Amino acid sequence: MASSATGRLERIRSAIDQYQGRLIAFAARITGDLESARDVVQDTFLRLCLQDLDEIADHLPAWLFRVCRNRALDVRKKEGPLERLDDMPNGSTHGVSVDPRRLLEQSDSARRALAAVAELPAAQQEVLRLRFQEELSYKEISAITRHSVSNVGFLIHTGIQRVRRQLRADDAVRPRLEGGRTDA
C-alpha cells in the first residue's frame with residue numbers, strides 16, 4: 001500500500017514539474033493577473049490529487065489544461081477584467097552570446113506576430129496558443145476547449161491566415177513609414 005501511495009505521489013510531482021510553468025503562463029493569459037494564475041494552477045493540481053490518475057493517464061495534458069482553463073475563466077468572471085499582462089518571457093539568454101542586431105530583429109518580429117495574434121477573436125487566440133506555445137495536439141485542444149477537432153483545425157487555419165495577412169500588410173506599410181524604399 002505504501003509503494004502505491006509513493007508511486008501516486010511521484011506521478012503528481014512529475015506532473016507538477018512538467019506542467020506548472022506552462023499552466024501558470026496559460027492561466028495568466030486568461031486571468032490577466034499572475035497571482036490569480038498561480039492560484040488557479042494550485043487549484044488545478046489540488047483537483048489532480050483528488051483524481052484517479054489511471055483514468056486520466058492517457059490524456060493528462062488535456063485534462064490539466066481543461067481544468068486550468070475552466071478555473072481561470074471562473075476567476076476572470078468573478079474578478080472582472082484585470083489589467084493585461086505583457087507576454088511572459090520563456091527563458092533567459094543570460095550567459096549566451098548573441099548578435100544584438102539579430103536579437104532585435106527577432107524580438108521585433110515576435111512582437112509583431114504576437115500583436116497580430118492579439119487582434120484575433122478569443123477562440124482563435126486560444127487554439128493558436130495551445131497549439132504553438134503549449135505544443136498540444138488538435139485532439140488535446142478539442143478536449144480542453146470543447147470545440148470539435150475539425151473546428152480546432154479550422155480555427156487554427158483561419159487564425160494563421162489572418163496573422164500572415166496582417167504581417168504582410170505591416171511589411172508593405174513599414175518601409176514607407178521608416179522612409180525606406182519600396183521595391184515591388
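Within segment 6-46, if we keep just the residues that are basic (K, R) and over 17 Å from E126 (Cα atoms), the residue that is modelled with the lowest pLDDT turns out to be R8. Cβ separations smaller than 7 Å between residues 6+ apart or across chains give the following pairs from segment 123-142 residues that are more than 12 Å from I160 (Cα to Cα) to residues that are in a loop (DSSP other than H, G, I, E, B) and among the hydroxyl-bearing types (S, T, Y): S142/S148.
The values are calculated or read from the model by the stated rules, or taken from the named source; none is laboratory data. As the structure is a prediction and not an experimental result, all values here were calculated from the model. Cβ: placed from backbone, ideal geometry, glycine included. Neighbour counts: every protein chain shown.
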